[in-house]
There are 2 protein chains.
Amino acid sequence: MPLQPKRTVSELKELRALTGNADGAQRVAFTPTWIAARDFLKSKLEGLPVETTQDQAGNLWITLRGESDQELWIGGHLDSVPNGGWLDGCLNVLAGLEVLRRISKEYNGKPPLTVRLVDWADEEGARFGRSLFGSSAVSGFFDPEDLKQRTDKDGLRLEDVVKAHGIDLNTALEAGQAKAKAAAYLELHIEQGPVLEALGLPLGVVLGTKGVERHGIVFHGQEAHSGSTPMRARRDALGAAAKLSLEIREIAKQHSDAVCTVGSVKTFPGIVTAVVGRCEMTLDQRDLDAKVLGGMLQAAKSASEKFALEEGCTVQWNKIWSIEPIPFHPHLIELCDQAILETCSVSHKLPSGPLHDAAEIARVGIPTVMMFVQSLRGISHNKIEDTLEQHLELCVTAFDKLASKTLDWLQKP
Amino acid sequence: MPLQPKRTVSELKELRALTGNADGAQRVAFTPTWIAARDFLKSKLEGLPVETTQDQAGNLWITLRGESDQELWIGGHLDSVPNGGWLDGCLNVLAGLEVLRRISKEYNGKPPLTVRLVDWADEEGARFGRSLFGSSAVSGFFDPEDLKQRTDKDGLRLEDVVKAHGIDLNTALEAGQAKAKAAAYLELHIEQGPVLEALGLPLGVVLGTKGVERHGIVFHGQEAHSGSTPMRARRDALGAAAKLSLEIREIAKQHSDAVCTVGSVKTFPGIVTAVVGRCEMTLDQRDLDAKVLGGMLQAAKSASEKFALEEGCTVQWNKIWSIEPIPFHPHLIELCDQAILETCSVSHKLPSGPLHDAAEIARVGIPTVMMFVQSLRGISHNKIEDTLEQHLELCVTAFDKLASKTLDWLQKP
């Protein structure tokens, strides 16, 4: 049997036993457990005619040389958050390994194009708060000066920690030279959301990653005694924040796949006997359509000003971070849809709310697509993260079909 | 001139210079600055035919013996919060001193009833979190075992700290024996709220202290990724809390003097990228009418259950503290109203949202009333706390008239 999806499931379990504990996966980037995961991957390469190299940004490349210099990339990440799940990131790598084995066997070690499996370094950014470390060094959206400022919770500097893993921040961007030969990029991932499960579908085609607008909002009213201040005399900062918390949900619901979230509310002085004088909140808005995203941001700003006025407050916005929507490649989306239909007869197209390494690769113009497999209960970044084994097997099969179709497409004149 | 209201203003300024600094009043109970304030008060008693004693709970009593054993009490508190205002509590004591001087002079040191000025110990509870320390020992609503558990922020035990001031928690309740002879209790206070200022009135009669229901409320939903979780799939604990924060204001507005406040909201995990899985909030509800207060609590509970259901959450309530409404004495309310009308031609009756020592005395059946003088901007517990000097003088005059009327009333057969 050329492709053995059951082997991928079995290797995922091996990796879980090696790098997880009762609290979940512990493959945090730049730790000994992460190295153990990479050593596990390397141990699975014996007998495969591949070269293994680490680039200037710490990404691990497994290269099967083909007839052409043109490269098909297949990627994932072995690193996890602390107490993470057994599938997030490493499913992609181990499924990619199985696809590499199949291609190597089918073409007797010499496929028409070069095929490279990449394990991106520190996708999660769990330790230093900077996700997509390795893939952004390749895309070029990587700022060594920003990274030099970062430390972990123990005060260790990112710069020193990565140096021990052979990475010099000053030269990490040289990893981007690899882009020149990349013809396409494919990534498989668990959905990490509830959409496919709710539809009863095992697999989906990812249309792209949503753009994100992330802002801090502060309402200033007047702290006042909860006993002596009549309702009509109050300038209640929480009142304005509560109205906005509810309104941003209505704003999101006007667009089919958009999401808007207030994840944090902080009240000051924050005591039972005082009307809230200052209320800080965060807003996270996402959509695949840049116009929709921009409209939602404007709607939230207008609403915040209206509510501030109603409550006798003032409002300030501070941008935390934003990224534009990154749509995937139209033809690869069609190939992915076909691969899924051929595997399980039913497919679904959906955007990705979370970012992925694929977004870094797509944003520099390399044709890219992702495939999602159903997540049980939509839960990820948690030890209870899970996917049915039959769905794991299906996704390896479908992802392999996608790789085949992509190789065929890339060979066309 | 028998009564000299300007002297009270001048003594308040002396006390401010002696016990305040650039950050405000620093007369925290059981500190050297508080002792300095009490020494200042004692220094003002020279020439007055009074006895000065400290009771078992640390209250300072200045007694002008009269023809009868029956006692008229006039009270206040010299202690302040840290960085407090120059009037809160000590206006009452120094105005009471001026009234005592007038009565002593009018009756040649022997009024028809015994008149006692009391400086209650630790009204604010700023250091150990237990307000109304001295007056509650007199009323009997004082739990030595609870107090023995309390420490200040430096870890010093309340029991040890008060012992250095001559107070043994095991015998403090003996201060309550004084109640037997009390015929009435009068207290003057700054309003600490914006009502009189908004009405353009200097003085008001206090109808009683509002009952308080204070509760913690927790909504449990489901933490979820802000990017991958569609709006319709969310169980947003903040959504339920925001709805309740707004609804409790509508509940309060259905009753003329009621107040309802959400002073604290805490979100968990409280990060920009997660839907709120758990939201903790506090509720403080106050009204002078026990039925209204009970109805507001029930309405808030019903609303919380409705919103929990709408948001797919559960809700839990935990009582923090409550006290019943404490109405003041109907006839003393009328006498206070007359005293104000005779002083400045216009009066207003209002409940007190904050608690006061007067509530402890009223709740054990001693006829009690309070008079409020306007607070500028409604602000207290802050160095900018202030009242117009002309209003301070008016309040001393009106409070003295109230004392006269009360003495007359108590002498009637």
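The values are calculated or read from the model by the stated rules, or taken from the named source; none is laboratory data. Because the structure is predicted, anything quoted here is derived from the model rather than measured. Here the Cβ positions follow ideal geometry from the backbone for every residue, glycine too, while neighbour counts run over all protein chains shown. When the accessible area is computed, the model is the full protein with side chains, heavy atoms only, and any ligands, DNA or RNA have been set aside. Shrake-Rupley method; radii C 1.70, N 1.55, O 1.52, S 1.80 Å.
Just one of (1) open to solvent by less than 30 Å² (accessible area, probe 1.4 Å); (2) of a type outside the set (A, V, I, L, M, F, W, C); (3) modelled with pLDDT of 95 or more; (4) touching a helix residue (DSSP H, G or I) at 6+ places or on another chain (Cβ under 7 Å) fails for A:Glu393. It is (1). Looking only at residues of region B:269-287 that are modelled with pLDDT under 95 and open to solvent by 10 Å² or more (accessible area, probe 1.4 Å), we find that the one that is farthest from A:Ser245 (Cα to Cα) is B:Pro269.
For B:Ala240, the criteria (1) open to solvent by 10 Å² or more (accessible area, probe 1.4 Å); (2) in a helix (DSSP H, G or I); (3) in contact with a Gly (Cβ under 9 Å, 6 or more places away or on another chain); (4) aliphatic (A, V, I, L, M) hold in every case but one, which is (1). Residues that are among the aliphatic types (A, V, I, L, M), open to solvent by less than 50 Å² (accessible area, probe 1.4 Å) and within 12 Å of chain A (Cβ to nearest Cβ) within region B:306-330 comprise just one, B:Ile323.
Exactly one residue out of B:Ile248, B:Ile271 is within 25 Å of the chain's Cα centre (by Cα) and either more than 8 Å from every other protein chain (Cβ to nearest Cβ) or closer than 30 Å to A:Leu355 by Cα (or both), and it is B:Ile248. I'd like to know if region B:101-113 contains one or more residues that are modelled with pLDDT of 95 or more, touching a Pro at 6+ places or on another chain (Cβ under 9 Å) and either β-branched (Val, Ile, Thr) or not assigned by TED's automatic domain parsing to the domain that holds B:Leu18 (or both). Yes - at least one qualifying residue is present in region B:101-113.
What's the number of the condition B:Gly208 fails, among (1) more than 8 Å from chain A (Cβ to nearest Cβ); (2) open to solvent by less than 50 Å² (accessible area, probe 1.4 Å); (3) at negative phi? Among (1) more than 8 Å from chain A (Cβ to nearest Cβ); (2) open to solvent by less than 50 Å² (accessible area, probe 1.4 Å); (3) at negative phi, the lone unmet condition for B:Gly208 is (3).
Among the residues making up region B:6-29, those that are within 19 Å of B:His77 (Cα to Cα) and either charged (D, E, K, R) or in contact with a Ser or Thr (Cβ under 7 Å, 6 or more places away or on another chain) (or both) are B:Arg7, B:Glu11, B:Lys13, B:Glu14, B:Arg16, B:Thr19, B:Ala25, B:Gln26, B:Arg27, B:Val28. Of all the listed residues (A:Ala183, A:Ala137, A:Ala121), the sole one being in contact with a strand residue (DSSP E or B) (Cβ under 6 Å, 6 or more places away or on another chain) and modelled with pLDDT of 95 or more is A:Ala183. In this structure, does B:Leu388 turn out to be among the aliphatic types (A, V, I, L, M), more than 19 Å from B:Pro202 (Cβ to Cβ), surrounded by fewer than 18 Cβ atoms within 10 Å (Cβ to Cβ) and over 17 Å from the mean Cα position of the chain (by Cα)? Against the criterion (among the aliphatic types (A, V, I, L, M), more than 19 Å from B:Pro202 (Cβ to Cβ), surrounded by fewer than 18 Cβ atoms within 10 Å (Cβ to Cβ) and over 17 Å from the mean Cα position of the chain (by Cα)), B:Leu388 does not qualify. Residue-level check: of (1) more than 9 Å from every other protein chain (Cβ to nearest Cβ); (2) open to solvent by less than 40 Å² (accessible area, probe 1.4 Å); (3) under 23 Å from B:Glu310 (Cβ atoms); (4) not hydroxyl-bearing (Ser, Thr, Tyr), A:Gln254 misses just (2). Scan region A:216-237 residue by residue and report those that are open to solvent by less than 10 Å² (accessible area, probe 1.4 Å) and either more than 7 Å from chain B (Cβ to nearest Cβ) or in a helix (DSSP H, G or I) (or both). Answer for region A:216-237, where residues must be open to solvent by less than 10 Å² (accessible area, probe 1.4 Å) and either more than 7 Å from chain B (Cβ to nearest Cβ) or in a helix (DSSP H, G or I) (or both): A:Ile217, A:Phe219, A:Ala237.
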